[in-house]
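> I'd like to ask some things about the structure below.
Throughout, read-outs are computed from the coordinates displayed, never taken from laboratory work. Note that the structure is a prediction, hence the values are computed from the model and not measured. In this analysis, Cβ positions are derived from the backbone assuming ideal geometry, glycine residues included, and neighbour counts consider all displayed protein chains.
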Amino acid sequence: MRELFEAGSIAVIGASPRPEKVGHVILRNLIASGYSGDLYPVNPKAGEILGLKAYPDVLSIPGPVEMAVVVVPNTVVPTVMEQAGAKGVKIAVVISAGFRETGPEGAELEHRVGEIAARHGVRVLGPNCLGVISTRNRMNATFTDDFPLAGHVAVTSQSGAMGTILLDWAKGTRIGFSQFVSVGNKLDIDEADLLAYLRDDDDTKVIGMYIEGTRRGREFIEQASATSRRKPIIALKAGRTSTGAKAASSHTGALSGSDMVYSTAMAEAGVVRVRTMDEFFDLMQAFASMPLPRGDGVAIVTNAGGLGVMAADACSDHGLTMASLSRETVDRMKKSLPEEANFYNPVDVIGDADAARYELALSAVLDDPNVNCVLAMVAPSDLLDVTEVARMLADYAGRIEMPLVAAWVGGADMAAGAAILREAGIPSYESPDRAVRALAAMVHYQEARDRPADDGAPVVEGDRRRAEAVLEAACSAGRTALSEAEGKEILRAYGVNVPMEGLARNADEAVALARRIGFPVVMKIASPDIAHKTDVGGVAVGLDNEEKVRLEFERMLSRVRSFLPNAVVNGVTVEGMFSGREVIVGMVRDEQFGPVITFGLGGIFVEIMKDVSQAIAPLSERRVDDMIRSIKAYPILAGARGRKRADIPAVKDVLFRVAQIATDFPQITEFEINPVMVGDEGQGCGAVDALVTIRRDKR
């Protein structure tokens with residue numbers, strides 16, 4: 001990846017003498033940015049471009065070429081890549097469009113380019129990208145002339161248009177960039193590759209990423225996890241809704257996975273995920289400009305009581321704690337501020353304050369040992385020169401060891417002060433909520449980074465041959481859906497407790513099974529065509545005598561036939577009845593990230609309540625604990641309102657075993673146990689249903 005940012009020689013293949021052409025703009029931008037390496041325009045019809053000797057092809061260039069910027073028609077790109085490979089080019093930045101984003105023919109062309117590049121060992125950025133910028137090396141290999149200030153923010157973008165927006169935003173907010181990369185279609189180089197490089201880049205302190213989708217989810221998690229331990233990653237993931245995901249696919253050919261899975265993956269990797277452009281800009285501004293907080297504890301200083309109340313509410317909304325000011329701090333302010341002021345957090349210097357009074361309060365809270373973050377807010381006032389306050393705040397930039405952010409709330413009267421703050425590197429926001437949100441992101445990132453690293457997944461033993469026999473039988477029969485009995489057999493093979501059961505084809509067999517298992521029993525319709533039995537009246541619980549079993553057998557068959565007359569019905573399953581609290585344990589194999597384990601409140605309303613959490617296998621002890629504690633229904637398991645505590649260790653054991661099944665058998669695409677009945681502490685739990693879907697190959 002070094003040559004992408006530090007190339008000593010660049011060929012612009014498709015450079016043009018015509019100013020309106022992209023090839024001309026890129027060459028001009030490289031010259032204007034001050035690029036000091038060897039620069040070669042390539043155009044078979046031009047002898048000279050922008051004062052530089054032009055070459056008919058890259059093979060004609062006399063010296064070595066480390067990077068080729070390719071801006072030729074898409075059908076010519078394969079030929080150019082062959083020549084670049086023969087020349088020994090290390091990196092090709094393919095600006096040209098007309099590939100996977102346009103449909104099947106473009107995808108095939110992109111595949112050809114990838115094969116050529118791989119054969120020659122050429123790394124590829126793009127195609128269909130804006131290009132790359134390195135401020136350290138004065139290299140603007142893009143077709144936008146917005147060369148940013150040098151700074152410590154590295155930005156990657158899957159969208160070229162979003163890239164130009166980010167560059168323009170940086171110019172307006174005076175935020176400096178270290179590197180900028182537009183990844184386009186990600187034929188080769190993607191976010192995982194860039195994170196591996198940026199992690200060790202001394203010029204980069206913060207990484208911002210605009211992502212529409214990823215095809216190497218596991219690699220992304222690994223690289224992001226390693227990087228976020230050293231520097232913050234802020235990601236704006238687009239394509240959150242089904243409509244948005246479809247738009248993302250048509251834009252860059254990206255495969256957008258489930259939004260909840262992306263949130264889970266990013267959280268596990270320590271990535272700070274944002275959902276709007278405003279939030280993306282706000283957080284990059286704060287992380288780039290301010291030191292990380294030592295911990296929680298926010299102090300607010302304002303000249304408007306209403307703003308203080310709103311900021312306090314925002315702290316609560318975003319999970320921040322208001323600092324409790326020390327007695328020394330309060331006494332210090334009481335000696336200097338008028339008695340009408342509020343000396344407790346939020347500190348209100350009241351509307352007639354001047355800059356000197358404001359600074360007395362600000363310096364007091366900055367010195368307080370209980371304070372780890374400060375929010376300074378100002379509302380317009382005829383008695384206060386807001387620009388003078390801004391200059392006073394600006395003097396603190398670079399001199400304090402905690403984040404200090406500002407909310408200059410208003411309109412035209414506040415613009416000059418806000419500009420002073422931005423110029424000095426003090427993040428300034430237009431509302432209390434945006435300022436608090438930025439502080440909260442910094443606090444929560446620091447807390448996540450300070451957590452001990454996961455200690456790995458526990459070892460789970462299972463009878464793989466026994467489970468594999470079940471899967472092979474279903475595959476041989478051409479089925480992708482397993483029966484409940486087959487799903488439970490896999491669970492038994494991996495040590496998950498399931499009730500005694502048997503299949504009854506008539507009422508007499510049902511009664512005999514119930515007698516052998518012991519009352520009370522549960523009866524379920526046995527059909528490969530019915531996944532959700534409750535919806536068709538195919539479940540009956542609490543049958544505590546023979547007469548009820550016999551009567552329910554006939555009624556159940558009648559109900560199911562009325563709902564689904566064409567469904568194949570093999571009979572009725574009779575099983576022992578577990579009691580306890582209902583939870584769901586499931587797995588869905590995501591195309592990007594692999595097995596995603598789901599846990600939550602179970603039963604028939606799980607899809608309505610959506611009280612679930614997720615983690616990506618393999619699971620560690622910490623992740624499983626987080627999964628269980630993070631659902632809203634956790635107090636029900638923990639023993640709320642005098643109830644006994646549920647057997648949470650038994651639930652954890654089931655989660656580990658399902659994760660191991662998913663890891664051992666990649667042909668399983670979905671595995672759901674709903675419900676798992678959880679007994680009181682020490683009583684264990686039991687899986688009373690199992691829905692398993694497989695693909696026929698094992699990939």
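> State the answer as a single residue: which of F519, Y344, A224 lies farthest towards the positive end of the charge dipole of the chain, with beta carbon charges of +1 for Lys and Arg and -1 for Asp and Glu, about the Cα centre.
Checked the options; the winner is F519.
> Calculate the FRET efficiency for A531 and N506 from the Cβ-Cβ distance with a Förster distance of 35 Å, rounded to the nearest 0.05.
Numbers: r = 24 Å, r/R0 = 0.70.
Efficiency for this residue pair is about 0.90.
> Given R₀ = 60 Å, FRET efficiency for S476-D168 by Cβ-Cβ distance, to 0.05? Write out the running numbers ahead of the final one.
Values: r = 60 Å, r/R0 = 1.00.
The pair S476/D168 has a calculated efficiency of 0.50.
> Figure the gain on full extension for E3 and K644 (residue separation times 0.36 nm, minus the Cα-Cα span) and round it to one decimal in nm.
Working: separation 641, 0.36 × 641 = 230.76 nm, distance 6.21 nm.
Net length gain for the segment: 224.5 nm.
> For the chain, what is the mean residue ellipticity at 222 nm derived from helices alone (per DSSP H run of n ≥ 4: -39500 (n - 2.57); sum divided by total residues; nearest 500 deg cm²/dmol)? Before the final figure, lay out each step's value.
Working: 24 runs with 273 residues, N = 699.
Calculated mean residue ellipticity at 222 nm is -12000 deg cm²/dmol.
> Sequence gap at least 6, Cα distance under 8 Å: using those rules, report the relative contact order of the chain to the nearest whole percent. List each step's numbers first, then the result.
Numbers: 1510 pairs, mean separation 56.2, N = 699.
That works out to 8 percent.
> Could you line up H24, H111, H152 from fewest to most neighbouring Cβ atoms inside 10 Å? All intermediate terms of the calculation are to be shown ahead of the outcome.
Working: H24 22, H111 13, H152 18.
If I rank by nearby Cβ atoms, fewest first, I get H111, H152, H24.
> Using the per-residue mean of other Cβ atoms lying within 10 Å as a proxy for protection, in what order, highest first, do the peptides 220-229, 314-323, 562-571 fall? All intermediate terms of the calculation are to be shown ahead of the outcome.
On the way: 220-229: 20.3, 314-323: 17.9, 562-571: 12.7.
Taking the mean over residues of other Cβ atoms within 10 Å, the ranking is 220-229, 314-323, 562-571.
> Quick one: I608, I49, fewest Cβ neighbours within 10 Å first, how do they rank? It would help to have the intermediate numbers written out before the result.
Details: I608 8, I49 21.
Neighbour counts put them in this order, fewest first: I608, I49.
> Where nothing but the Cβ of Lys and Arg (+1) and of Asp and Glu (-1) is charged, how large is the charge dipole of the chain around its Cα centre, in debye to the nearest 20? The partial results should precede the final answer.
On the way: 76 positive and 93 negative charges, 294 e Å.
Magnitude of the dipole: close to 1420 debye.
> Explain nothing, just the number: dipole magnitude of the range 84-154 about its Cα centre with +1 on each Lys and Arg Cβ and -1 on each Asp and Glu Cβ, in debye rounded to the nearest 20. Mind showing how you got there, number by number?
Details: 8 positive and 7 negative charges, 97 e Å.
The dipole magnitude comes to about 460 debye.
> To continue, here is another question. Is the C-alpha gyration tensor of the range 341-443 telling us rounded, prolate or oblate? Criteria: a/c under 1.5 is rounded; beyond that, a/b larger than b/c is prolate, otherwise oblate.
Details: a/c = 1.42, a/b = 1.14, b/c = 1.25.
Taking the square roots of the gyration eigenvalues as a ≥ b ≥ c, the range 341-443 is rounded.
> For labels at R629 and T276 in the simple 7 Å Cα→Cβ model, what's the distance in nm?
Label at R629, label at T276, 3.1 nm between them.
> A further question follows. What distance in nm separates the two pseudo spin-label positions at A226 and V459, each 7 Å out from Cα along the beta-carbon direction?
With each label placed 7 Å out from Cα toward Cβ, I get 2.7 nm.
> Let me ask you something else. What is the sum of charges around G106, taking Lys and Arg as +1, Asp and Glu as -1, for the other residues whose C-beta is under 13 Å from the C-beta of G106? If you can, show how the numbers build up before the last one.
Values: positive: R100, R112; negative: E101, E105, E108, E110.
With Lys, Arg at +1 and Asp, Glu at -1, the neighbours total -2.
> Calculate the FRET efficiency for A469 and D313 from the Cβ-Cβ distance with a Förster distance of 60 Å, rounded to the nearest 0.05. Numbers along the way, then the final one.
On the way: r = 59 Å, r/R0 = 0.99.
After rounding to 0.05, the efficiency reads 0.50.
> Here's a follow-up. Can you find, among V460, G586, N570, the residue sitting farthest towards the positive end of the charge dipole of the chain, where Lys and Arg contribute +1 and Asp and Glu -1 at Cβ?
The listed residue farthest towards the positive side: N570.
> Using a 7 Å offset from the Cα along the Cα-to-Cβ direction at both F519 and E328, what is the distance between the two label points in nm, to one decimal?
It is 7.6 nm.
> Also: Where does each of R123, R437 land when they are ranked from fewest to most other beta-carbon atoms within 10 angstrom? Each step should come with its number before you reach the end.
Values: R123 19, R437 22.
Lowest to highest Cβ neighbour count: R123, R437.
> With unit charges on the beta carbons (Lys and Arg positive, Asp and Glu negative) and the dipole taken about the Cα centre of the chain, which residue among L125, A196, I668 sits farthest to the positive side?
I668
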